[in-house]
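A.B. asks: One structure, as structure tokens, below. Some questions next.
The values are calculated or read from the model by the stated rules, or taken from the named source; none is laboratory data. All of these numbers come straight from a predicted model, not from anything done at the bench. Backbone-built Cβ (ideal geometry, glycine too); neighbour counts: all protein chains shown.
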Amino acid sequence: MSAAHAGAMVPGLHLVPADPEADATALARLGLWCQRYAPIVALDPPDGLLIDITGAAHLHGGEAPLLADLSARLERTGILARLALADTPGCAWGVARFGEGGIVPSGDASRVLAPLPVAALRLGFEAVRALQDVGLTRIGQLGDKPRAALRLRFGAEILFRLDRALGHALEPLAALDAPETPRVALRFAEPVGAHESLQRVVADLCARLVPELERRGLGARRLDLVFARVDRLDQAIRIGTAGPSRDAAHLARLLTERLALIDPGFGIEEAVLSASRVEPLAERQATHLAAGPQAPDLAALVDTLLVRLGAARVYRLAPVESDLPERAVRRVPALAAPRGALWPADLPRPARLLAPPEPVTAMAEIPDAPPLFFVWRNTRHRIARADGPERILGEWWTADAEAALTRDYYRVETEAGERFWLFRDAPVEANGRWWLHGLGEA
Amino acid sequence: MPPLRSHDVPTLDALRRLTDRAGTGSEPADPRALPFGVAGLDAALPGGGLALGALHQIHEGGPRGRYAATAVLFAGGILARLDGPVLWCLHSRDLFAPALARVGLHPDRVVYCETWRDAEVLPAMEEGLRHRGLAGVVGELTRMTLTPSRRLQLAAEGSGVTALVVHRLCAGEAVEPEPSAARTRWRVAPAPSEGTNRRMGRPRWRLDLQRCRGGAPGAWIVEACDAQGRLAVPAGLADRPAAPERVQRRAAG
């Protein structure tokens, strides 16, 4: 029908030129927005979106509330949408376009699809007409036909679509990636599996990712490497860095460190490397004075240790203003800017701090005097020299229990010269007990 | 003219070290060695000090060797007198950083990594030793056999980073350590301080240089590290090695 013909039939018809490119862009944007429901969203051009909500429905209160929420939000933005939720993408596609929409109970795909027209199987125009020519108009009619005859007569497409719609064959969704995620992929003509090949693949991917990061002025903080196996059991590794990095060799080394975790199975078809977390990283002038050792740059070392040991196990320690020795230290990231802060220099502190303090039996001559001896782990230590007490009060402003906390610390030296740090947890008249808190001394 | 590089510029500490040495009148020492400032100790070491870019083992003597509380302070004092960051591979969470700060090792300089088992400490140490620019790497180990010690020594030689292994002996373990490729082996133990009237004096340590490639073993009583990590000779004991008969027996055996 031409535009003039249509205009003649409907007076006052509003005509808008078709713009497929703008439609595709808008669909992609809507797809990204749909990632609020589940991470895997696939485009179904020209007018559909597929969301894999496996394991994500409970986050929105269940399947029905999720569907209601999605419908309401789309309606508010002026998008007229038909929604269906089913076991397979194929079934949901058919029910949304040709059925009632809504939720198809699990396992009911064949019953719900049966009365729908064959076009609901996502078939091409040719295939639909070929089926209609022989009187096969409903999906239910296909189910009881011999498969071999169907394939001979109409080709593989119909069975392929039918199997996917009924869940007999798995349908992978090409997940939509946020366009701002730097991403590179390698597809292999033959599946690879050897460790050395994977190492080369990693190096290659990193070398390709770095120019992409450079172009956008970004450095990677986290990399996700996904290996698509031929049997569709994808393998993935994730690494994080302590600071934004754009050093291909360094990133490849970090990934290679984790490569042992990858089970290539029967082979790997595709490798995708994406920088799932990035930070701005300004370009730096490459030095031409390349001779000699580089200035100390801890990032490479810290990253390697972070990947090998885990993020919580590499750190620096910084002073905290607290009288209680066990609270005097806090962890800061290994590459945090130096603070220059120090603990009070005039307070001697032990080299080893026992956490928790261990109970000891101690005997003092007179109250508030340093003890004469103490027994720790069945060993009696005679004290030759001592210093104290250094009274430490609890931080009463943090909790009620702290207000009652009083410790009298004594530094003691045994006859052999060994130094210990003892405390009594209450004054003598309040039956204070003795504890050993530290060994050695500076 | 060769380009001026930052690591060629002598730091204030290095200059001070040079002037200290000039003041004591001893012969110019090997720049790859760190003098302790205790004459007898430096004389026993080849190059007039602790060799940098090499592996050194530190044991703690006495019944509390498991905690190696004196040994970590000795290691901290050595690193305090070097420039650059330090990697410290922990064996457990009982190290108390304020004590290291008191021997001159600033917390901003130390990166800790929690490597609970020897099997994790050794690779982490080697990784650190391959990284030029570190002042040193400390590893708290329960035991070290010959092969790992060779690897660490080679890595230290290659990069010039000093490696210190602090041994945390298990209860009931033999005090005599296994053979290793370390340049020196120290035994550090607390010694009675000279306090008057039951008051504590500056802590003293008994340092046994048990093994030293190209040097002479010996034993010394020293005053513990000060806030700059420097040892000192006790006033009453100057120029006299402690317990020489014990050293001779060890050398004969």
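A.B. asks: Scan segment A:338-361 and tell me whether some residue there is within 12 Å of chain B (Cβ to nearest Cβ), on the phi > 0 side of the Ramachandran plot, exposed (fewer than 15 other Cβ atoms within 10 Å of the Cβ) and of a type in the set (Gly, Ala, Ser).
C.D. replies: yes
A.B. asks: When segment B:86-96 is examined, which residues are found to be surrounded by fewer than 24 Cβ atoms within 10 Å (Cβ to Cβ) and facing another protein chain (nearest Cβ under 8 Å)? Write out each step before concluding.
C.D. replies: So in segment B:86-96, the residues surrounded by fewer than 24 Cβ atoms within 10 Å (Cβ to Cβ) come out as B:90-94.
If the condition is that a residue be surrounded by fewer than 24 Cβ atoms within 10 Å (Cβ to Cβ) and facing another protein chain (nearest Cβ under 8 Å), then B:Arg93, B:Asp94 are the ones that fit.
A.B. asks: Moving on to the next point. Would you point out the residue of segment A:372-381, among those that are surrounded by 12 or more Cβ atoms within 10 Å (Cβ to Cβ) and without any contact (Cβ under 8 Å) to a residue 60 or more places away in the chain, that is nearest to B:Arg199 (Cα to Cα)?
C.D. replies: Top of the filtered list is A:Leu372.
A.B. asks: May I ask you to say which residue of A:Ala248, A:Ala156, A:Ala178, A:Ala185 is more than 21 Å from the chain's Cα centre (by Cα), small (Gly, Ala, Ser) and either at pLDDT below 85 or surrounded by fewer than 15 Cβ atoms within 10 Å (Cβ to Cβ) (or both)?
C.D. replies: A:Ala156
A.B. asks: Pairs under 7 Å by beta carbon, first residue under 20 Å from B:Glu178 (Cβ atoms) in segment B:128-144, partner among the aromatic types (Phe, Trp, Tyr), six or more apart or different chains?
C.D. replies: Correct list of pairs: B:Val138/B:Trp88.
A.B. asks: Right, something else. Kindly indicate whether B:Arg21 is at pLDDT below 90, within 18 Å of the chain's Cα centre (by Cα) and farther than 23 Å from A:Trp421 by Cβ.
C.D. replies: On the way: at pLDDT below 90: yes; within 18 Å of the chain's Cα centre (by Cα): no; farther than 23 Å from A:Trp421 by Cβ: yes.
Judged against the criteria, B:Arg21 is not a match.
A.B. asks: For residues in segment B:118-140 being closer than 18 Å to B:His59 by Cα and among the charged types (D, E, K, R), which is surrounded by the fewest Cβ atoms within 10 Å (Cβ to Cβ)?
C.D. replies: Among those residues, the one meeting the criterion is B:Asp118.
A.B. asks: From B:Leu79, B:Leu73, grab the single residue that is under 18 Å from A:Leu298 (Cβ atoms) and either more than 7 Å from chain A (Cβ to nearest Cβ) or out of contact with any helix residue (DSSP H, G or I) (no Cβ under 6 Å at 6 or more places or on another chain) (or both).
C.D. replies: Values: B:Leu73 fails: under 18 Å from A:Leu298 (Cβ atoms).
Unique residue meeting the criteria: B:Leu79.
A.B. asks: Restricting the first residue to segment A:333-354 and requiring it to be outside the structural domain of A:Ala386 (by TED's automatic domain parsing) and farther than 30 Å from B:Gly65 by Cβ, which pairs with a second residue that is of a type in the set (D, E, K, R) and assigned to a loop (DSSP other than H, G, I, E, B) meet a Cβ separation below 6 Å and a spacing of at least six or different chains?
C.D. replies: none
A.B. asks: Identify the residue in segment A:136-177 that is charged (D, E, K, R) and without any contact (Cβ under 8 Å) to a residue 40 or more places away in the chain and, among all such residues, is nearest to A:Val41 (Cα to Cα).
C.D. replies: Only one residue fits best here, namely A:Asp163.
A.B. asks: Pairs, please: C-beta under 7 Å, at least 6 apart or cross-chain, first residue closer than 21 Å to B:Gly229 by Cβ and at the interface with chain A (Cβ under 7 Å from one of its Cβ atoms) and in segment B:190-206, second part of a loop (DSSP other than H, G, I, E, B) and hydroxyl-bearing (Ser, Thr, Tyr)?
C.D. replies: Correct list of pairs: B:Met200/B:Ser193; B:Pro203/B:Ser193; B:Arg204/B:Ser193.
A.B. asks: All but one of (1) assigned to a strand (DSSP E or B); (2) over 19 Å from B:Phe96 (Cβ atoms) hold for A:Asp387; state the number of the condition that does not hold.
C.D. replies: Going through the list (1) assigned to a strand (DSSP E or B); (2) over 19 Å from B:Phe96 (Cβ atoms), A:Asp387 breaks only (2).
A.B. asks: Right, next: So, in segment A:303-313, exactly how many residues are buried (at least 17 other Cβ atoms within 10 Å of the Cβ) and either more than 7 Å from every other protein chain (Cβ to nearest Cβ) or in contact (Cβ under 8 Å) with a residue 40 or more places away in the chain (or both)?
C.D. replies: The number of residues fulfilling the criteria is 5.
A.B. asks: Any chance you could count how many residues in segment B:66-92 are in contact with a strand residue (DSSP E or B) (Cβ under 7 Å, 6 or more places away or on another chain) and in contact (Cβ under 8 Å) with a residue 60 or more places away in the chain?
C.D. replies: So in segment B:66-92, the residues in contact with a strand residue (DSSP E or B) (Cβ under 7 Å, 6 or more places away or on another chain) come out as B:67-72, B:74-75, B:78-79, B:81-82, B:85-91.
Then drop every residue that is not in contact (Cβ under 8 Å) with a residue 60 or more places away in the chain, which leaves B:67-68, B:70-72, B:74-75, B:78-79, B:81-82, B:91.
Here the count works out to 12.
A.B. asks: Follow-up. Look at A:Pro367 and say whether it is under 30 Å from B:Leu90 (Cα atoms), of a type outside the set (D, E, K, R) and more than 7 Å from chain B (Cβ to nearest Cβ).
C.D. replies: Judged against the criteria, A:Pro367 is not a match.
A.B. asks: Just a yes or no: is a residue in segment A:405-428 over 25 Å from B:Glu114 (Cβ atoms) and within 44 Å of the chain's Cα centre (by Cα)?
C.D. replies: Looking for residues that are over 25 Å from B:Glu114 (Cβ atoms) and within 44 Å of the chain's Cα centre (by Cα), one finds at least one in segment A:405-428, hence yes.
A.B. asks: Same structure again: Determine whether segment B:101-111 contains at least one residue that is surrounded by 23 or more Cβ atoms within 10 Å (Cβ to Cβ), at negative phi, at the interface with another protein chain (Cβ under 7 Å from one of its Cβ atoms) and within 13 Å of the chain's Cα centre (by Cα).
C.D. replies: Taking every residue of segment B:101-111 in turn, at least one turns out to be surrounded by 23 or more Cβ atoms within 10 Å (Cβ to Cβ), at negative phi, at the interface with another protein chain (Cβ under 7 Å from one of its Cβ atoms) and within 13 Å of the chain's Cα centre (by Cα).
A.B. asks: Within segment B:214-225, work out how many residues are at pLDDT 90 or above, in a loop (DSSP other than H, G, I, E, B) and either touching a strand residue (DSSP E or B) at 6+ places or on another chain (Cβ under 7 Å) or surrounded by fewer than 18 Cβ atoms within 10 Å (Cβ to Cβ) (or both).
C.D. replies: 2
A.B. asks: Here is a check on your reading of the model: is A:Gly432 buried (at least 20 other Cβ atoms within 10 Å of the Cβ) and assigned to a loop (DSSP other than H, G, I, E, B)?
C.D. replies: no
A.B. asks: For segment A:237-282, which residues satisfy the criterion of being assigned to a helix (DSSP H, G or I) and in contact with a Leu (Cβ under 7 Å, 6 or more places away or on another chain)? Explain how you work it out, then say what you get.
C.D. replies: We begin by selecting, within segment A:237-282, every residue assigned to a helix (DSSP H, G or I); these are A:248-261.
Listed by number, the residues that qualify are A:Leu251, A:Leu255, A:Leu259.
A.B. asks: Mind counting the residues in segment A:227-243 that are buried (at least 16 other Cβ atoms within 10 Å of the Cβ) and either of a type in the set (A, V, I, L, M) or touching a Cys at 6+ places or on another chain (Cβ under 9 Å) (or both)?
C.D. replies: 4
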